[in-house]
Every structure is written in structure tokens, then in C-alpha cells.
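The values are calculated or read from the model by the stated rules, or taken from the named source; none is laboratory data. Fair warning: this is a prediction, and the values are worked out from it, not measured in the lab. Glycine gets a Cβ as well: all are built from the backbone with ideal geometry, and neighbour counts include every protein chain shown. What goes into the accessible areas is simple: the full protein's heavy atoms, side chains included, and nothing from ligands, DNA or RNA. Shrake-Rupley method; radii C 1.70, N 1.55, O 1.52, S 1.80 Å.
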Amino acid sequence: MFNRDLVLKQRAEILHALCSSGSTEHLERVLDKLLSQGELIWEEYQNIQVQGRALYTNVRQLLDLVYTKGEDTCEFFLAAVKQVLPEAQGAGITFSGCCSNLEKTGESQSTSSQTLLTQRASLVTKLQACIDGALEALVESGHFTSSDCDDVLLPIHTPSQQARRLLDHVRSKGESAAKCVLHYIQESESSLNQEKWTLSKEFSKYQKKLSSSVSAQSCFLSSYGRTSHMPLDEIYTEAQLELANDFADLSGALDLDDIVGAAGTVNDEADTVLVSGEAGSGKSTVLQRLHLLWARGVSLKGFLLLFPFSCRRLNSEQRELSVQELLFQHCCWPDKEQEEIFQFILDHPHLILFSFDGLDELKQGFSDEHMVCCPTQRAPVNILLFNLLQGFLMKGVRKVVTSRPEAVGPMLKKHLRKEVLLKGFSPSGIDCFVKKHHRDPTVAAKVLESLQMNTALLGLCHSPVLCWIVSQCHKELLGCGEGSPQTITDVYLMILQHFLQHQSPLKSTMGLGWLQEHIKVVLHLGQLAFEGLGTSCYIFTDTDLETCYVTEKDICMGFLILSKDMSSTHSKRYEFLHVTMQCFFAALFIVLSNNTDRSTIHKLFEPQNMKGTRLSSNCFMGCIPSSDQQEQGLEGESVIAETSNLQITATFVSGLLSQRHRSLWFHCCPSAGMEKKVRQVVKCLSKGMHKHFKSIPQPVQGEKKSMHAMPGFVWLIKCIYEMQECKIAKDAMSKLEVDHLKLTYCNIGPVECTALAYVLQYLRNPVGLQLDYNSVGDVGVEQLLPCMHICNSLYLRNNNITDEGIRKLIAKGIQCDNFQKIAYVLSR
């Protein structure tokens, strides 16, 4: 098929791919390449890039023009689209027949103005790192005024857009201005090259050694167990990255490079970038991908050294260390000239990058009480980390930190350069991940078909860890028919069965006996997980395993993996393949064991009551600081981090005690004890909801009664959904009497939408549902449809919803008698 025909037949797919991220960046990069190749003239470019016009309209204009220009232009256009689009977004487009190399061999350009066009794509990249210097040079030479500079540096522009705007202004100023900016770029490159040449031989050796070490640690997927054989390149799928707060609607979706880029910066004086996301959203994998691209020299080229740290493993470091010892002992040890290399790091902080994965797993809460300013001064590792993040230590070094959002309080946020939100997979991301996980296209197609038929499960796959579990258990998924998983607990039970039966030498008999066959393994691992959560322990020694009777055979089941704990070289250490798996096994222990305290469930659902409980009777003591611990500097933010894990555990407990799963436990524990635990959970959920309802203020006369729900309310809703019992949902909603339910900024994603729709459908009277500033997306829209009949209005602004998602909402809304209003902002 000719390229012109490909453009015509795939017009809708190309349009969606270039617009679905919500950012104009992909279109602008395609235009840069077409300008560089001479396939577009300047006037045509200006006719396409009309300020204030919708992105979709601009892309349609380009598609019309390219098709009109003929076969050659269509070939270059398809090649440009292929280079620009991330793999997930370009997965459904055929590029066969288009040239793989956009570089043309042609005559050198006679003028600087022509060079601005023919090298536009590369000049945009080069200018992003030196935009201020280029503007200064143009002002000093008299080519630019302060007004020109202000127009280029408008805060609504991303760095790449600022670079393009500068080039457009320069072109309008004539040949002299073009020569000036090209000369500045050339001088900047020469200066950078000169700096590289001055690196000592030993530093260059260390740089290569560190790069090799980072590459070795990053080249295989390390986030989930039993995947050590899986190259990251083959499985990595881009998740949705957005800037936090009010920047989200300005910049659209972000690329990995933007994490450390200038876009979204709120504090130029700060060095720390926070990447926040819920458990299982792929934070560690994103960081691992960044590490690998740096080690290969593909990304983060402005940083000569990158030092990666795991906060989970830093928990095991008992010694007091200096910054130098922390870098060299935990990352990579220089063979020679340690002092010289460290001095270079101190002298050139802007060339160094630190990453800290899993701040929420650090045992000590963030504190600014102990200040350390000297990089050679020894201090506990957590004190070093806090001072690094605040900028008291190693000022100028860029730091990237990952954490769950609820674990980062105002004390740390005031030291952030910016915050990036990781929102999980988009629908196309789910599709791409499943296809990568299954090399057999037939299997991948069946799994995707199964997901499309089960919208609740599709919503769960928005979370990368759940998408991995579903892909891993494809045989169980395809064989379960109408019993397909509906809840998070269902998915984790599926992976439990998959692992246990996969390792069993004799396959279990048909039916529910598989759990009874492996009950000892489950209880041993459950006790380890349970006690670990109680002491904020995520890495376990041989002694920990022996205490909980975990054997080598239990380890071989695959739920525990060897930890890369560099602080311990003499003994093996283990960790659960994911923190959510540790929470799941802790929940299994609570449900199946007769050795837990009678008040465990009550205290699990009300963690503020755990303070002072003995570890022997309830293993959650470590989650709440005593007065002694507070004197040692533990802040409330560590409690928040641990409470999140307890809430995940409580959610699993609710799901495991569902009527749907009780037959599974029939032969494993006494039914009387099980029924008692069910009653305890139901009572806790009812009590928790009642507390929220009591907080509803009386309305002002003439106004509607409104409830502004908090994240804790959403968690209780999720617990009720996991139980899948309509009576509990009806009882909870019978007491909610409001006209307007506000759930803004509550981290509502597709999983939460499923739970909300299940519970809210039992409301007695219609409500206005406000979900502004969340992460609903098109997948979440699907989950909300069942509760549309009980909504009289729906607010979905800033939720990354496309026109297709809104179309489905409107189509459903016009069928509902009560539905009157919808408010939204489209993601273009």
C-alpha cells in the first residue's frame, strides 16, 4: 500500500495518536521535522499552527495538506510520526513503506535563516537547555527587546515551545539575528565539549564503571518477582505522567525527560523532584527506565553521574555515614582517586543526579529538626537523606524521589522543585503492555478481549501491578468464564492460586482444595508479612524467616525474592515481590489464623487506636509512634505512610471475608471464627461511614446540603465494594442524605470509580457528584456509567477525559431521568 493511501486510511488513528496525550508537543515535533526536510514551507507551517485553535483542528489541517502534497510528503510525514510517537500511542498505526531515516543529504544552506529551518528539530533540542543565555545574547546584540523575551518566556509554554517561539522571533528579525543565535549555540556546545575534555582519566573510568553498574541493575525488570529474565526494553510500557496541581492542564502528558526538565517548576531554588503515585502505579519501573536510559547515554545527558538509592534498602543501614560514604558504598566504589572524584562532585553539583525510590517505605518520618551541612560529616542515613532533600547538603544536585502521595506532607512539599503525578496506564497502555507480555498474538488478543468484556477488570488494569498479575495469570483468566475477577482481592487470589499450583509437583484436584493443600505455606508467609508491617519491615533476614517458620520450600513458591541489599554481603535478605503482596499475605494471616488478637480487625480499621499495643498481641504497634519515638524525631508523615499499607491490608481483609470467598476457607478455619470476623468488618465499615456522615455540616438556608468527602471515605467505599454484598452498601447509603457529594483532589482513578458506582447506586435520592481534579480518564468513565441514574449532575473537570469518554457519558445521561448537567474540560 502506498504511503498516501496509508495516511488516508489511518486518518482517524493518526489524529487520535497525535492528540490523545493532550499536549501539542507531538504535533510540533512532526512539524519541526517536515520543515527541516523542506516538505513544508514557512507559510504552510504558520497556517497550521494557529494560536488558540483546537489541537484536533490543527492536526486535521496538517493531514489535509500532507495528503494534497502527494506520495513523497506522506512518506516523510509517516516517518516523522513514527519517530515522534511513544510506542504505546503508535501501536495501532501501520508505518510499512515509510522511510526509516529522515536525514536528507543535500546542499549546505547559504544563509543562517535557512539553517534555522533545515536544522529546526535539532536546534529546538539544543536551545531548551540554554534558553536564558540565548535570549541574553540576543538582547546584548540589540536584536531582541525585553518584550520579545517576555513573549518567549510566557509561563504557559513548555521548554520546547519556548525554544520554537525563540526561533520564530529570530527568523522574523532577519539574517543578523539568525547568525547571532547560531553562534551562541555553537559556543555553548564548544564550552560543554571543553568541560568534558577536562575530565581526568580516573573520573572517566569511574563514570564508565558507575554507568555499567546502573545499567546492570536496570536492564531487567525488577519491580515484580519471577521476572528477572525479562528485559526492561521488551516489557516497559509508558504510564501517564502529569504535572501536579494547576500545571496539569497547561502541559498535558509528560515524557520521562520532563521529570527533571523545567516544565512545571514551582520553586527554582529547590533541587528535589517528587514522582508520586499510588501503590502499584509503576513508580519504581519509571525510575528504573530513567536509570537505564541514562546509562546508555540516551537520556539525561546533562548529568555526568547518577546515583540510585532504594529507601527500603537504606532502612537496613545501621551505621552513621558521610555523603561520600553513602555514594561510594551504596552505589559504586571508585578504584582510585576517591577524594578527587568526590571533589569533582562537590564542585559540579549541577552535573550530578541522585534518585531515591520509595520514600514512603523509610522507617523514619521526614524531619527538619537535625541539620547537616557538611558532606564529610557522619550522620544516620535518614538524617542525611532529609538534609539532601531540603538542599542543606549537596545544594545544586538534582534529586528525584518516588513516594505514595499521602506519605508526603507539607513539611517536605515546601522543599520541592516540582511534583509529577504517575497516573497508571491509559487504555492504549494496557493494550500495549498485554501485547508485550504475550509474544503470542493470539493469546494477547484473547486476554484483551476478556478485559473488554469485563469493564471492572479493565478498570483494575489501569494499575500496572494489577495489569501484570492479570497478564501473568492469563490461563486462569481465560478459563474462569463468568467467574472473571471483579475486585482487587479476586486478582490477588488468582495470582496466589497461579503461583501455588505452578510450583506444586502434583497439580491440585479440581475445585477449592488448592488452598487447603498449601495452607501452611500461606500461614508462614502471612505471619512474616503481618509482623513485617507491624515493624515497618520490608526486608527480612534468615532469622526473621526462621521465627515465622518460613522454609526454603516456601521461598521457592515465588512470593519472596532476594533483596539487593548492598549493606549486607554475608547473609541473604528477602522481600515480597511487591509491597501490595505483603499487605495481601498479612490480610490472609488475619483471616485464616487463630493466633491473632481479637481486636486486630478493629485496630486495623482504626489505626489511631493502635498506639501502645504490645507487639506480641498485635503486630501493628510500630505504625504509631510512642512519645519516646516522637522525641527521637519521628514525624506524622511516617504514620501516614504506614497507615496507607494498613488500609491496603484492610481492603484485602474485606475482600477475603466476602460471601463469594467463604467457601474457599471452609476447610481451613472454623466457620464460627470466620463469621465473627465478618461481623467485625461490617461493624467497622458501618462505624467508619457514620463518622463521615456526622461531619456533614448543616446547610445554610436556601443552599443545598453538601458533603466534602476525604480520601478516608473513598477507602471505606473501596472496602465495601471488595465485600461485594449489596446489603452492606444499601445500609451505608441509607444514612447518607446530601444533595451534593464533593470528591475533588481525592486520587479518584478507574479503580475508585468502580467502587463508587457500586455503592452510590444505592443512594435514596439523586445527588450532584463532583469529581474535579482527579484521574478518572476514559477507563474510569466506563466504571461510572452504572450510577448515572442516581446523579443529577456530574463534574469531571481536569480528569484527562477525551471526547470519546464524554460521548459515552452523554449517551448514558440522556437515558437517565434525573440527569441534568455535566461539566468537564476535554483532554485534547
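Of all helices (runs of 4 or more DSSP H) completely enclosed by the stretch 11-97, which ones contain at least 1 residues that are closer than 30 Å to ASP778 by Cα, of a type outside the set (Val, Ile, Thr) and under 28 Å from the mean Cα position of the chain (by Cα)?
So the answer is 11-19, 25-36, 55-69, 71-84.
Suppose we keep only residues that are of a type in the set (S, T, N, Q) and touching a helix residue (DSSP H, G or I) at 6+ places or on another chain (Cβ under 7 Å) within the stretch 680-700. Which one would you say is surrounded by the fewest Cβ atoms within 10 Å (Cβ to Cβ)? If you could, list the steps in order and put the result at the bottom.
Start the filter on the stretch 680-700 by keeping residues that are of a type in the set (S, T, N, Q), which leaves 680, 686, 695, 698.
Cutting the leftovers down to touching a helix residue (DSSP H, G or I) at 6+ places or on another chain (Cβ under 7 Å) gives us 680, 686.
Working: GLN680: 19, SER686: 16.
Top of the filtered list is SER686.
With a requirement of 1 or more residues that are of a type in the set (Lys, Arg), open to solvent by 40 Å² or more (accessible area, probe 1.4 Å) and on the phi < 0 side of the Ramachandran plot, the helices (runs of 4 or more DSSP H) lying completely within the stretch 124-193 that satisfy it span 159-173.
Just one of the listed residues (GLU43, GLU87, GLU25) is of a type in the set (D, E, K, R), open to solvent by 10 Å² or more (accessible area, probe 1.4 Å) and more than 24 Å from SER428 (Cβ to Cβ), and it is GLU43.
For the stretch 720-728, the count of residues that are free of Cβ contacts under 8 Å to residues at least 24 places away in the same chain, open to solvent by 40 Å² or more (accessible area, probe 1.4 Å) and out of contact with any Leu (no Cβ under 7 Å at 6 or more places or on another chain) is at least one.
How many residues does the stretch 457-475 hold that are surrounded by fewer than 21 Cβ atoms within 10 Å (Cβ to Cβ) and either at pLDDT 85 or above or within 25 Å of the chain's Cα centre (by Cα) (or both)? Step through it out loud before you land on a result.
Going through the stretch 457-475, the residues surrounded by fewer than 21 Cβ atoms within 10 Å (Cβ to Cβ) turn out to be 472, 474-475.
Still in the running and either at pLDDT 85 or above or within 25 Å of the chain's Cα centre (by Cα) (or both): 472, 474.
Qualifying residue count for the region: 2.
All but one of (1) touching a Lys or Arg at 6+ places or on another chain (Cβ under 9 Å); (2) within 27 Å of SER463 (Cα to Cα); (3) small (Gly, Ala, Ser) hold for SER284; which doesn't? Result: SER284 passes all but (1). Only helices (runs of 4 or more DSSP H) whose full extent lies in the stretch 476-566 are considered here, and the ones with at least 3 residues that are at pLDDT below 85 are 488-503, 513-517. Taking every residue in the stretch 259-275 that is closer than 12 Å to ALA244 by Cα and open to solvent by less than 30 Å² (accessible area, probe 1.4 Å) and pairing it with any residue that is in a strand (DSSP E or B) and among the hydroxyl-bearing types (Ser, Thr, Tyr), at least 6 positions away or on another chain, the pairs with Cβ-Cβ distances below 6 Å are VAL275/THR402.
For the stretch 429-436, the criterion of being closer than 21 Å to ASN799 by Cβ, surrounded by 19 or more Cβ atoms within 10 Å (Cβ to Cβ) and out of contact with any Leu (no Cβ under 8 Å at 6 or more places or on another chain) is satisfied by at least one residue. Remark: pairs (first residue in the stretch 806-828, farther than 15 Å from PRO786 by Cα; second residue of a type in the set (S, T, N, Q) and modelled with pLDDT of 90 or more; Cβ separation under 7 Å; 6+ apart in sequence or on different chains) = GLN820/ASN792; GLN820/SER793; LYS821/SER793.
For the stretch 134-180, the set of residues classified as in contact (Cβ under 8 Å) with a residue 60 or more places away in the chain, closer than 19 Å to LEU35 by Cα and not basic (Lys, Arg) consists of SER160, GLN161, GLY174, GLU175, ALA178, listed by residue number.
For the condition at pLDDT below 90, part of a helix (DSSP H, G or I) and closer than 14 Å to THR455 by Cβ, VAL779 qualifies.
May I ask you to verify whether PHE344 is modelled with pLDDT of 90 or more and either touching a helix residue (DSSP H, G or I) at 6+ places or on another chain (Cβ under 7 Å) or in a strand (DSSP E or B) (or both)?
Details: modelled with pLDDT of 90 or more: yes; either touching a helix residue (DSSP H, G or I) at 6+ places or on another chain (Cβ under 7 Å) or in a strand (DSSP E or B) (or both): yes.
Here the answer is yes, as PHE344 does meet what is asked.
Are any residues in the stretch 67-102 in contact with an Asp or Glu (Cβ under 6 Å, 6 or more places away or on another chain), at pLDDT 80 or above and closer than 22 Å to ILE235 by Cβ, and if so, which ones? Once the filter is applied, which keeps residues that are in contact with an Asp or Glu (Cβ under 6 Å, 6 or more places away or on another chain), at pLDDT 80 or above and closer than 22 Å to ILE235 by Cβ, the stretch 67-102 yields only ILE93. Filtering the stretch 327-373 to residues that are over 28 Å from GLY280 (Cα atoms), surrounded by 18 or more Cβ atoms within 10 Å (Cβ to Cβ) and of a type in the set (Asp, Glu) leaves nothing. Taken together, the residues in the stretch 779-793 that are out of contact with any Cys (no Cβ under 6 Å at 6 or more places or on another chain) and surrounded by 21 or more Cβ atoms within 10 Å (Cβ to Cβ) amount to 5.
Quick check on my filter: what residues within the stretch 656-671 are outside any helix (DSSP H, G or I), within 16 Å of GLU517 (Cα to Cα) and either open to solvent by less than 70 Å² (accessible area, probe 1.4 Å) or of a type in the set (Val, Ile, Thr) (or both)?
Kept after step one, since they are outside any helix (DSSP H, G or I), are these residues of the stretch 656-671: 657-658, 666-670.
Retained after the next criterion (residues that are within 16 Å of GLU517 (Cα to Cα)): 666-669.
The answer is CYS668, CYS669.
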